[in-house]
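J.: One structure is given below, represented as structure tokens, and several questions about it will come after.
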């Protein structure tokens, strides 16, 4: 078993190579205990080890790293900013989105701007769409425009739109809807007002976790990602009105429709890492089920061949069809087709995913401890 404490202690070793070795190992292990020590490395080590630590923090994915990574976006060293722009794409926090948008607009290096845009695409939040659309209309270098276009395509796909035009049209419709009650200038003020609340992200993370905790009992019969995503949206929305009322009380802000929509988008964005892990696990299990079925078919073929051989030996039947030839044990079976994967039944999937979804949720259990007033929040 790997000794995490020993690796963390190695981060202060005088040998740069030893520190590098520990940083890379901690990133691979993704243990939350390494977050604070790695943050210290980001702030005081060599450029190479700072860069490795930034990447390691992204691999661990703990939200405590966000503030440090945002600070790195303002570093004087290009490679540090580039690593931070790449790593912030692993986080769905609106803090990360806002910081990356600033990099797209203001960073002096095109490669950092481009990386920040691609990270926004990876996050997939509609909160970044209008700013990216505005940047796509400016006279930027071709690599940056390409990255912005790619980012918009990723966001469109993540939110169920076939094209960027459909995404842009939907954003216009939302803007028009909000402008009926809230002018665009007022929307900006309301957005800033909401984002200023210091405990906004911890409350959102806690709400998302509490809503999705125990989700394996609801998703274990789902065999399709779209159905599962719809179910997750329903679960998150079930008590959203209560959560919104709770946040009105905490922030002392009387939410407009625009702010309520923003709060919902934040909840949906924050749930992305959980959704992504669940969907990937479901895909992996469907492949597993298909491979097991192929193996069973292969065993059936062998049994049939044995039976035929016994008939030949016992009855000396001459006019019999040649036995089926099973693939040799060493022959690698072809990968399942998309049709084969889609035909895996919900019942087969249910037998295999429930425990794994529970394990995924355990990884995010720290979210429920993000805020201090546990009793006050327990109503959700």
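J.: Once you have a ≥ b ≥ c as the square roots of the Cα gyration tensor eigenvalues for segment 4-179, tell me rounded if a/c is under 1.5, and otherwise prolate or oblate according to whether a/b is larger than b/c.
T.: prolate
J.: With an 8 Å cut-off on Cα pairs and a minimum separation of 6 or more residues, tell me the relative contact order of segment 94-211 in percent.
T.: Relative contact order of segment 94-211: 20 percent.
J.: Still on this structure, please answer the following. How high is the relative contact order of the chain, in percent, counting Cα pairs under 8 Å that sit 6 or more residues apart?
T.: Across the chain, relative contact order equals 13 percent.
J.: So for segment 4-179, averaging the separation of alpha carbon pairs under 8 Å that are six or more residues apart and normalising by length, what relative contact order in percent results?
T.: Over segment 4-179, the number comes to 13 percent.
J.: With the cut-off at 1.5 for a/c, could you classify segment 184-273 from its C-alpha gyration tensor as rounded, prolate or oblate?
T.: Here segment 184-273 falls in the prolate category.
J.: Give me the distance in nm between label points sitting 7 Å out from Cα along the Cα-to-Cβ direction at residue 43 and residue 196, one decimal.
T.: Once both label points are built, they end up 2.7 nm from each other.
J.: How far, in degrees from 0 to 90, does helix 94-106 lean away from the longest principal axis of the Cα atoms of the chain, to the nearest 10?
T.: The angle comes out at about 70 degrees.
J.: Using the alpha-carbon atoms, what tilt in degrees (0 to 90, nearest 10) does helix 16-29 show relative to the longest principal axis of the chain?
T.: 70
J.: Another question, then. Here are a few candidate values for Cα Rg over 2.2 N^0.38 Å: (i) 1.07; (ii) 1.24; (iii) 1.02. Which one was actually calculated from the structure I just gave you?
T.: (ii)
J.: How far is the Cα center of segment 161-184 from the Cα center of segment 219-271, in Å?
T.: What the calculation gives is 19 Å, centre to centre.
J.: Which order do the peptides 87-94, 8-15 take when ranked by the mean count of other beta-carbon atoms within 10 Å per residue, highest first?
T.: My ranking of the peptides, most packed first, is 87-94, 8-15.
J.: Restricting to Cα atoms and excluding each atom paired with itself, what does the Kirkwood estimate give for segment 64-148 in Å?
T.: 12.3
J.: Okay, moving on. State, to one decimal in nm, how far the label point of residue 98 lies from the label point of residue 366, with both points 7 Å from Cα in the Cβ direction.
T.: Here the modelled spin labels are 2.3 nm apart.
J.: To the nearest 10 degrees, how steep is helix 35-44 against the longest Cα principal axis of the chain, on a 0 to 90 scale?
T.: 50
J.: Run the quick spin-label model on residue 309 and residue 15: label points 7 Å from Cα toward the beta carbon, then report their separation in nm to one decimal.
T.: Distance between label points: 5.8 nm.
No value in this document is a laboratory result; all are computed from the given coordinates. Owing to the predicted nature of the structure, the values given are computational and were not obtained by experimental measurement. Positions of Cβ are backbone-derived with ideal geometry, glycine not excepted, and every protein chain shown enters the neighbour counts.
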